[in-house]
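**Q** Dropping a structure here in structure tokens format, bear with me for questions.
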Amino acid sequence: MRDFLFEPMRINRMEVKNRIYMPAMHMNMAKAYEVTDPLVDFYSERARGGAGMIAVGYATVDELSGSPANIGAHRDAFIPGLARLAAAIRENGARAVLQINHAGRYNFSFFIDGRQPVAPSAVASRLTGEAPRALELDEIPGVIGRFAAAARRAQQAGYDAVEVLAGTGYLISEFLSPLTNLRTDAYGGALENRMRFGVEVVAAVRRAVGADYPILVRMNGNDFMPGGNGRADLQAFAQALVAAGADALNVNVGWHEARVPQIVAAVPRGVYAYLAHGIKERVDVPVAAGHRINDPRTARDMIAGGMCDFVAMGRALIADPFLPAKAAEGREASIRHCVACAQGCFDHLFKLKPVACLCNPRVGREAATAAAKARVRRKVMVVGGGAGGMSAALAAWEAGHAVTLYEKRERLGGQLLLAGAPPGREEFVELARNLRQQVARSGVAVVLNRPVDPALVEAEKPDAVILATGAVPVKPPLAGADLPHVVQAWDVLRGQAMTGRRVVVVGGGAVGVETALFLAEKGTLSGEAVKFLLVNRAEDPETLYQLATRGAKAVTLVEMIDTLGKDIGRTTRWGMLQDLTRSGVRTRTSARVLEISPSGLKIEAGGVSEEIPADTVVLAIGAVAHNPLEKVLKQMSIPCRVVGDAGKPGWAFDAIHQGFEAGRTIE
């Protein structure tokens, strides 16, 4: 049967073996603009994994265009490192592309030795909080020339193609948008003038690299910025870019400061393909669609349906470098899917850390963590079948040990199943399923519905034990906490506790926010229902919006401190708080709980006491480690390691990484 995903394609004179493109992503792994061993190892593995084409970058075009953690392409001195990275990709079977870019007002002055970022106009950035300096008219040709020079270096370094980043709110976007381009000269005003800078960049790159060298452009299909460029303007821009010399277009969505979610789990898989299709209809070059394409089926359907010619799968290949090979070989069930949590990728960038991955603890350490067999085969007992326990069991088995995984409940998954209960978080359930499938295909023995006690340990006589027993909810010393209408958030998320119409959630951390959203979703229209009613014009769009966002319950979220979701990653938090407002959840911060009464919750806020009426009070005030075996094991002189929440409640990222390290380093 024809598989559209693995048909070859041509971009200019370059043939690409399949339709899977790993787009450029900032990895924060370069040092002083130089390519490093971790970068080479990271991309070598993705090339071996079967991607047809891999872009690296973005790479800088001058000293104001990025940070020293970006790959440098603004000086000839960087060509040897660029060449090493290109060779690593090509030698492992993929086409190598270098993306070049200028950050414009999205750069930070501390990255460029205190100098002021430049932009078309002096419009401050919400992302950085800094105001840039407007480029003088006579400076613009120099910037354009530096794009061309960087492209020429890519060609000299052995890259098969170059990609110009012309979207996402960076410099070319800033010239294109009326929000950030207030110029009155030839580069400002009408759309034709605002397009001029980006068009001239592509034309200059074409002159620099010649007619036969492939040029891709990554551009937006919609900026999602009120008052900015929408679909029609960007479709016109696409046509102008192709006329200037672009051989393929890679369609992106949104600016970094846009308030429409683009990369988080709440974004449906492949939802932005319509933007690529709108551009594909107007140009005669290959067009890629991107964003939240994390499985071959979605990618295949988009190509087969004519929405795009190829797909940009970025974080999907961070999570599983061998996704293309597995899809080509009929092993799709073994793929570990990106869950769009952003905990290790985007959140790490905000912390100035190298990119890592919740789903794949080897990211950035490919060489150091390559599978190796232990010198002595040990009998290993793993206690707890959540994220940390499954990760530990798999790593220990891969190291050659005899592993048995014990779980006290009826199935593996642990708190991943709770994390996947709120709306838009279903990918965590998918991760639990992926891990279960990996365990099932391994040689790990699994025992369900079996709590582990000292007698079982004594009977099994393991050489080593990994404790991944998780955490339990905090039971507060609060008057009224034992009343019958008081329940734990975890029980609500598991579907083991009923709630009334008026619900108060106590605790505004991650679990509290997720539980409030979970409850607020009850009684809203599903996406399928909205489409049916919209297509049949049963209700007007505003009514459908209200029915899709306002449910059957009145939910109030109470937090003692002045901030909600303090323990939620930066990439995800803003969207979840936006959802609280949109769904009508009433929030009370800086509120101290006094007691729970039969009729509601008594709080003190601003020195004033009040009672919030409630049919159900849900406690989401934290968790404590559950680790009853560590002390016993030490008394039995059995080596043990504690991972995940059993040591200290934290994120799934921590549990998976700690489990992986514990399993692979057993001696």
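Bear in mind that the values in this text are calculations on the coordinates, not laboratory data. The model shown is predicted, which means the values in this text are computed figures rather than measured ones. Cβ atoms come from the backbone with ideal geometry, glycine included; neighbour counts cover every protein chain shown.
**Q** Per residue of segment 7-12, what does 6.51 cos²θ - 1.76 cosθ + 1.60 with θ = phi - 60° give for ³J(HN,Hα)? Whole Hz please, x for Gly and Pro, Karplus curve as stated.
**A** The phi angles translate into 7, x, 9, 10, 10, 6 Hz.
**Q** How many percent of DSSP beta bridges within the chain run antiparallel, rounded to 5?
**A** Expressed as a percentage, antiparallel bridges in the chain total about 25.
**Q** Another question, if that's okay. Considering the dipole of the chain built from charges on the beta carbon (Lys and Arg +1, Asp and Glu -1) around the Cα centre, which of A327, A371, Y58 is farthest to its positive end?
**A** A371
**Q** Please tell me the relative contact order of the chain in percent, rounded to the nearest whole number, where contacts are Cα pairs under 8 Å and at least six residues apart.
**A** On the way: 1546 pairs, mean separation 73.9, N = 667.
RCO, the chain: 11 percent.
**Q** Per q in 0.20, 0.23, 0.29 1/Å, what log10 I(q)/I(0) does a Debye calculation on the alpha-carbon atoms of segment 160-201 return?
**A** -0.54, -0.67, -0.97
**Q** Once fully extended, how much extra length lies between A497 and K648, figured as 0.36 nm per residue of separation less the alpha-carbon to alpha-carbon distance?
**A** Length difference between fully extended and current span is 51.7 nm.
**Q** How far, in nm, would the chain grow between Q635 and Q578 when pulled straight, counting 0.36 nm per residue and subtracting the alpha carbon separation?
**A** Value of the extension gain: 15.5 nm.
**Q** What is the spin-label model distance, in nm, from E595 to S334 if the labels are put 7 Å beyond Cα along the C-beta direction?
**A** About 6.2 nm, to one decimal.
**Q** Under a plain spin-label model, where a point goes 7 Å from the Cα along Cα-to-Cβ, how far apart in nm are T184 and V472?
**A** With each label placed 7 Å out from Cα toward Cβ, I get 7.2 nm.
**Q** A follow-up question, please. Tell me the relative contact order for segment 62-112 as a rounded percent, counting alpha carbon contacts under 8 Å between residues six or more apart.
**A** About 58 percent, as a whole number.
**Q** By DSSP, what percent of the beta bridges with both residues in segment 4-350 are antiparallel, rounded to the nearest 5?
**A** The antiparallel proportion sits near 10 percent.
**Q** I need the GluC sites (Glu not before Pro) found in segment 133-217, filtered to DSSP loop residues with at most 11 other beta carbons within 10 Å of theirs.
**A** Passing sites in segment 133-217 are E136.
**Q** Scaled to the compact-protein estimate 2.2 N^0.38 Å, what is the alpha-carbon radius of gyration of the chain, rounded to two decimal places?
**A** 1.02
**Q** Express in nm, to one decimal, how much length is gained between R375 and D37 on full extension, taking 0.36 nm for each residue of separation and deducting their alpha carbon distance. Could the numbers behind the result be given before it?
**A** Values: separation 338, 0.36 × 338 = 121.68 nm, distance 2.72 nm.
Length gained between R375 and D37: 119.0 nm.
**Q** List the pairs from K522/K566; K408/K475; K373/K634; K461/K631 whose alpha-carbon separation is above 19 Å, in the order I gave them. If you can, show how the numbers build up before the last one.
**A** On the way: K522/K566 25 Å; K408/K475 21 Å; K373/K634 26 Å; K461/K631 16 Å.
As for pairs spanning more than 19 Å Cα to Cα, those are K522/K566; K408/K475; K373/K634.
**Q** Continuing with this model, one more query. Tell me, what is the FRET efficiency for R411 and L191 to the nearest 0.05, using R0 = 45 angstrom and their Cβ-Cβ distance as r?
**A** 0.20
**Q** Average projected area of the Cα convex hull of segment 1-70, in nm²?
**A** Details: hull surface 23.5 nm².
If you wrap the Cα atoms of segment 1-70 in a convex hull and average its projections, you get 5.9 nm².
**Q** Another one. Dipole magnitude of the chain about its Cα centre, charges +1 at Lys/Arg Cβ and -1 at Asp/Glu Cβ only, in debye to the nearest 20?
**A** For this selection, approximately 1140 debye.
**Q** Straight-line reach from K17: which aspartates and glutamates have a Cα under 18 Å away, not including same-chain ones fewer than 8 places off?
**A** In chain and number order, the partners are D3, E7, E45, E91, D160, D247, D309, E329.
**Q** Further, regarding this structure: Spelling out what I want: for every residue of segment 222-228, take phi, set θ = phi - 60°, compute 6.51 cos²θ - 1.76 cosθ + 1.60 (Karplus), and round to whole Hz; glycine and proline get x.
**A** After applying 6.51 cos²θ - 1.76 cosθ + 1.60, I find 7, 6, 6, 10, x, x, x Hz.
**Q** With a Förster radius of 35 Å, plug the Cβ-Cβ distance of R282 and R13 into 1/(1 + (r/R0)^6) and report the FRET value to the nearest 0.05.
**A** 0.90
**Q** Report the one residue of V97, V40, I293 whose Cα lies farthest in the direction of the positive end of the charge dipole of the chain (charges on C-beta: Lys and Arg +1, Asp and Glu -1; origin at the Cα centre).
**A** Of the listed residues, the answer is V40.
**Q** For segment 475-621, with the dipole built from +1 on Lys and Arg beta-carbon atoms and -1 on Asp and Glu ones, taken about the Cα centre, which of T616, T581, F532 lies farthest toward the positive end?
**A** Of the candidates, F532 comes out farthest on the positive side.
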